[in-house]
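Visitor: Okay, here's the structure, questions in a sec.
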Amino acid sequence: MNGFFKLVSTFQTQAEPAYCGLTTLVVVLNALSVDPGRRWKGPWRWFDESMLDCCEPLENVKKNGITFSKVSCLAQCAGASVQAFRANESSLDLFRSFVETCASSEDHHLVVSYDRQILKQTGTGHFSPVGGYHRHKDMALILDVARFKYPPHWVPLSLLWEALNSVDEATGKSRGFMMITKRAKPTCFLFTLSCKDQRWRAMCKYLLEEVPYLLKSRGFTTVEEVVYTVFGSLPADVASFVKWIVEVKPAVNGPIEKVDRDETERLRYKSKVLQQLRQTRALALITKWMEQNSVNSPEDESLQTAILQACCQGAAAFRGSNCYSNVKCFKKDVKESNVTSNGARGEAVVMSSRVLVDGCEQVIDALVPKRPSSGNVGGGSVLQQDGIDQVTLEENAFHPTTRDLLAVLLLALPPSTWEQIPDLSIHAEISRIVSRKEPPHELQLEVEHLFEQAFFVSRSCTEEALTEEALIETKN
């Protein structure tokens with residue numbers, strides 16, 4: 001029961017009848033001291049169910065609950081490391097080994113998805129963390145987050161396994177278990193995948209199903225043709241799938257004059273990752289494709305517009321509002337000011353926006369890595385290296401643009417995407433360009449994180465598609 005004390009110190013009751021998955025994650029993430037990357041209330045950084053909305057809108061979870069794959073996706077998006085197992089692809093012995101490992105550790109926790117009815121309880125599908133293991137009796141302690149129904153209770157492991165090894169009628173797939181741990185180093189400071197917008201499914205289908213088919217069915221003579229084929233048919237709303245992260249917080253006692261050491265380090269990290277990305281051949285290929293095909297960046301890609309949108313989303317979150325449409329923003333009130341960071345003036349910039357949420361006015365501050373100089377955002381010159389154009393961007397292009405989002409998405413695609421390219425030399429060249437071993441360490445971490453997110457997203461995408469097919473067959 002080594003892990004019990006960490007879990008019980010953060011144990012709480014689910015806020016909604018269908019929030020068992022979210023509350024279980026909140027308990028585990030807080031027990032692991034995973035940083036949510038934003039304040040909960042006052043100065044405290046603490047997970048709350050309202051923060052776990054990157055993979056499924058909270059309105060949907062409140063109404064229908066959440067699936068096994070979406071919970072694992074949420075844990076990964078929140079900054080944890082996840083090993084998820086469907087019961088029908090696992091075994092009782094493997095499950096027992098994970099139960100014992102997690103019960104004997106303070107930094108490994110196990111989440112189970114099971115059918116209550118098999119345990120002779122009311123209800124059906126449920127999530128809860130495992131708080132302990134009795135080896136002699138072979139029983140597991142369930143810390144039931146629906147504390148209004150059941151207190152923590154011991155369950156024979158074989159019976160719990162039977163409850164896991166059942167089919168979720170909503171997806172037609174087996175339930176299971178997942179081990180959640182804290183990452184050794186926080187990642188995804190700059191980029192993330194977003195599944196909150198329902199259009200992500202079209203993007204997911206295109207990248208994982210249609211792209212490999214396109215590459216298999218065509219003959220290529222250059223790597224440029226490969227990239228142009230991938231992005232030439234890309235859905236226009238790619239920006240709804242790949243996001244760049246802006247750090248925002250409510251303005252307190254007037255304009256910020258100084259940022260702390262942690263904030264300074266995060267700003268420097270973002271700037272470094274962006275610089276590394278812009279030195280890759282992947283970005284050079286994307287830039288060349290955009291220029292040759294007259295692909296223009298969206299009109300709302302300016303820094304002020306991006307910051308305004310981030311401040312609006314932040315304001316809604318700080319107010320506890322789940323509906324972004326309730327937020328009214330005033331673009332004319334976006335203001336910019338230099339701040340001191342680590343004793344240096346002008347290394348960071350604060351951009352403030354005045355927003356209206358549910359009739360209450362707020363001023364939200366956004367931290368930006370460095371002060372822009374004059375000129376057009378995204379401008380720069382093109383140099384040649386190894387036969388591929390290399391883009392040298394001016395200092396003023398200090399925030400991610402469409403070409404950056406497309407480039408990091410290209411790097412994060414699974415290696416299997418390129419396996420069906422007929423020409424072996426082209427296959428070898430594109431594999432080298434998108435290799436995750438090539439970039440510097442910081443960019444590697446970002447790309448690996450996006451790749452892991454894409455893995456969980458693809459599982460959710462496949463699961464939802466199968467669910468829809470089953471519903472259609474039922475109706476027919």
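The values are calculated or read from the model by the stated rules, or taken from the named source; none is laboratory data. Everything quoted here is computed from the prediction, not taken from an experiment. Cβ coordinates were reconstructed from backbone atoms using ideal geometry, including for glycine residues, and neighbour counts include every protein chain displayed. When the accessible area is computed, the model is the full protein with side chains, heavy atoms only, and any ligands, DNA or RNA have been set aside. Shrake-Rupley method; radii C 1.70, N 1.55, O 1.52, S 1.80 Å.
Visitor: Can you tell me, using C-alpha contacts under 8 Å and at least 6 residues apart, the relative contact order of the range 2-182 as a whole percent? The partial results should precede the final answer.
Guide: Details: 345 pairs, mean separation 48.8, N = 181.
Relative contact order for the range 2-182 comes out at 27 percent.
Visitor: Here's something else I'd like to know. So how do LYS249, LYS120, LYS258, LYS272 rank on accessible area, 1.4 Å probe, biggest first, that is with the largest at the start?
Guide: LYS120, LYS258, LYS272, LYS249
Visitor: Next question, about the same structure. Send over the semi-axes of the range 2-182's equivalent ellipsoid, whole angstrom and largest first, taken as the square roots of 5 times the C-alpha gyration tensor eigenvalues.
Guide: Rounded to whole Å, the semi-axes are 23, 19, 15.
Visitor: Quantify, in whole percent, the carbon and sulfur part of the accessible surface of the range 2-182 (1.4 Å probe; protein heavy atoms only).
Guide: Carbon and sulfur together cover 50 percent of it.
Visitor: Given 0.36 nm per residue, what is the gain on full extension from SER425 to ALA202 after removing their alpha carbon distance, in nm?
Guide: Working it through step by step, the gained length comes to 77.2 nm.
Visitor: Something else about it: Show me, for the range 412-423, the HN-Hα J-couplings you get by feeding each phi into the Karplus relation (A = 6.51, B = -1.76, C = 1.60, θ = phi - 60°), rounded to Hz, glycine and proline as x.
Guide: Per residue, the Karplus-derived 3J(HN,Hα) values read 8, 5, x, x, 4, 4, 9, 5, 8, 5, x, 6 Hz.
Visitor: Further question: Rg over Rh of the range 21-104, using C-alpha atoms and the Kirkwood radius, what does it come to?
Guide: On the way: Rg = 14.3 Å, Rh = 14.2 Å.
Rg divided by Rh gives 1.01.
Visitor: What number comes out for the charge environment of TYR133, summing +1 per Lys or Arg and -1 per Asp or Glu over other residues with Cβ under 12 Å away? If you can, show how the numbers build up before the last one.
Guide: Values: positive: ARG96, ARG135, LYS137; negative: GLU100, ASP138.
Cβ neighbours under 12 Å give a net charge of +1.
Visitor: Based on the Cβ-Cβ distance of ALA184 and ALA15, what FRET efficiency does E = 1/(1 + (r/R0)^6) give at R0 = 41 Å, to the nearest 0.05?
Guide: With a Förster radius of 41 Å, E is 0.85.
Visitor: Label GLU291 and ARG436 with points 7 Å out from Cα along Cα→Cβ: what is the distance between them in nm?
Guide: For the pair GLU291/ARG436, the computed spacing is 3.0 nm.
Visitor: What is the local net charge at LEU94, summed over the other residues whose Cβ is closer than 13 Å to its Cβ (Lys, Arg +1; Asp, Glu -1)?
Guide: On the way: positive: ARG86, ARG96; negative: GLU89, ASP93, GLU100.
Result for the local shell: -1.
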